[in-house]
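Engineer: The structure under discussion is supplied below as structure tokens; questions concerning it will follow.
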Amino acid sequence: MILVTGGAGFIGANFILDWLAEEGEPVLNLDKLTYAGNRENLAGVADDPRYRFVHGDIGDAELVAGLLARHRPRAVINFAAESHVDRSIHGPAAFIETNVAGTSRLLEVVRDYWGGLPLTPGPSPVGRGEFRFLHISTDEVYGSLAPAEPPFTENHPYQPNSPYSASKAASDHLVRAWHHTYGLPVLTTNCSNNYGPYQFPEKLIPLVIHNALAGQPLPIYGDGLQVRDWLYVGDHCRAIRRVLQAGRVGEVYNVGGHNELTNLQVVEAICALLDELRPRADGRSYSAQMTHVPDRPGHDRRYAIDAGKIERELGWKPAESFATGIRKTVQWYLDHQGWVDNVTSGAYREWVDRNYQERA
Ligand code: NAD
Ligand code: DAU
């Protein structure tokens, strides 16, 4: 079996659903259920005997050690993190706590478990050589690109600019060091912006869909010409499975969608789809709701991923274009308004007031 951390969040939940459908191997999901974690994302497998949920923190060494001893996973996939850049600007402490301190405690407990495994499987289902620790990271650790610069390769220097990306960079360095120093068999993926079902509506794409349907402004930070490289979440999940299966121990794999778009292009694409699928009652386009607001402090101008290594070595390529992926995504949100209503009640309102009223 495998242990997934942060599996009740956006990418983790998509990964568990994909994993059970494609691999069928049992999964244990350890998640702290922060505001971003939602067990409803996994309602479809809640009664599946191959799936188990544990409520807890990756930084709780005693809990994690107990889970490893009892379940003896062959791999740990670490999705757990604080993930939203704007929240990291308002309150970096939680990012340092989970992404840096939490990851370091998790690595120590995993190292202890791995060191106690037999060298070869034998009667034990997992041996030291087969075990993997797969760390899920982000392209933001590489900093910001000028318009004509080539996309980030795995050798690009680390230049994180936000508290979030700095905390992820720190976690990547810890993972690397635990391999280099202790020999822990680690793998790291650095992926570009994901979008798709179950993404919390604090992030650009689900926020714009939500606000558009609610008749609210679609907030564009600054001039809206910042560029992101969008990847459909299902393609990311497939890349992670492939890296776990065949990635070379100690290596880093960049994952990206070859879909560089400005934020204005993304928002306009969403508006055009909503105009087609759920036209406004007054016949005007949703794009009339687009509103420029003051920029994010320290806003990175451009991210782009060179995914050549994972394509060459592991034969992975994204299956979705932005046009196909964004259509599926908009349709999913239209079909799951109950999910959106549940996650946008209560504390969500406080965050929206804090982030956007300060910009007004
Ligand atoms: P998310 O915020 O939607 O989910 C994070 C999950 O981690 C939540 O379920 C939360 O409850 C859980 N969690 C937080 N702190 C925890 C802790 N201390 N212990 C256990 N669980 C904890 O995030 P996401 O967008 O699904 O991102 C998942 C991972 O992928 C993160 O590591 C993120 O840095 C990385 N990533 C995200 C993107 C993206 O575009 N969303 C792109 C590249 C990499
Ligand atoms: O690049 C990978 C990263 O992508 C992940 O590591 C992060 O976890 C994930 O949150 C995402 O970070 P971004 O900051 O790029 O994503 P976000 O959806 O917050 O913003 C995307 C772009 O849209 C960014 O340039 C900021 C802009 N934006 C965002 C919001 C929420 C707006 O213009 N208006 C908004 O209201």
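Engineer: Taking region 174-191, which residues are open to solvent by 10 Å² or more (accessible area, probe 1.4 Å) and under 24 Å from Pro297 (Cβ atoms)?
Structural biologist: none
Engineer: Looking only at region 178-232, count how many residues are closer than 14 Å to Gly325 by Cα, among the polar types (S, T, N, Q) and touching a helix residue (DSSP H, G or I) at 6+ places or on another chain (Cβ under 7 Å).
Structural biologist: The qualifying residues number 2.
Engineer: Just to verify a result, which residue in region 252-268, among those that are at pLDDT 95 or above and open to solvent by 30 Å² or more (accessible area, probe 1.4 Å), is farthest from His299 (Cα to Cα)?
Structural biologist: Looking at residues that are at pLDDT 95 or above and open to solvent by 30 Å² or more (accessible area, probe 1.4 Å), I get Val252.
Engineer: Which condition breaks for Ile209 when tested against (1) within 16 Å of ligand 1 (Cβ to nearest atom); (2) part of a loop (DSSP other than H, G, I, E, B)?
Structural biologist: It fails just one condition, (2).
Engineer: So which of Pro197, Pro147, Pro151 ends up being open to solvent by 10 Å² or more (accessible area, probe 1.4 Å), away from ligand 2 (no atom under 12 Å from the Cβ), at negative phi and under 13 Å from the mean Cα position of the chain (by Cα)?
Structural biologist: Only one candidate qualifies: Pro197.
Engineer: Please go through region 242-268 and pick out each residue that is over 25 Å from Ser144 (Cβ atoms) and touching a His at 6+ places or on another chain (Cβ under 9 Å).
Structural biologist: Selection gives Val249, Gly250.
Engineer: Which of the strands (runs of 3 or more DSSP E) found entirely inside region 30-141 contain at least 3 residues meeting this: near ligand 1 (Cβ under 9 Å from one of its atoms) and closer than 30 Å to Tyr195 by Cα?
Structural biologist: Strands (runs of 3 or more DSSP E) meeting the threshold: 132-138.
Engineer: On to the next question. Among the residues of region 228-237, count how many are open to solvent by 20 Å² or more (accessible area, probe 1.4 Å) and either near ligand 2 (Cβ under 8 Å from one of its atoms) or of a type in the set (Phe, Trp, Tyr) (or both).
Structural biologist: The number of residues fulfilling the criteria is 1.
Engineer: Any residue at all in region 309-329 that is over 25 Å from Phe15 (Cβ atoms) and not basic (Lys, Arg)?
Structural biologist: Within region 309-329, not a single residue is over 25 Å from Phe15 (Cβ atoms) and not basic (Lys, Arg).
Engineer: Filter region 239-251 for residues that are surrounded by 18 or more Cβ atoms within 10 Å (Cβ to Cβ) and over 16 Å from the mean Cα position of the chain (by Cα) and give the result.
Structural biologist: Arg242, Leu244, Gly247 - these are the residues of region 239-251 that are surrounded by 18 or more Cβ atoms within 10 Å (Cβ to Cβ) and over 16 Å from the mean Cα position of the chain (by Cα).
The values are calculated or read from the model by the stated rules, or taken from the named source; none is laboratory data. Keep in mind it's a predicted model, so treat the numbers as computed, not measured. As a convention, Cβ positions derive from the backbone with ideal geometry for all residues, glycine included, and neighbour counts pool all protein chains shown. When the accessible area is computed, the model is the full protein with side chains, heavy atoms only, and any ligands, DNA or RNA have been set aside. Shrake-Rupley method; radii C 1.70, N 1.55, O 1.52, S 1.80 Å.
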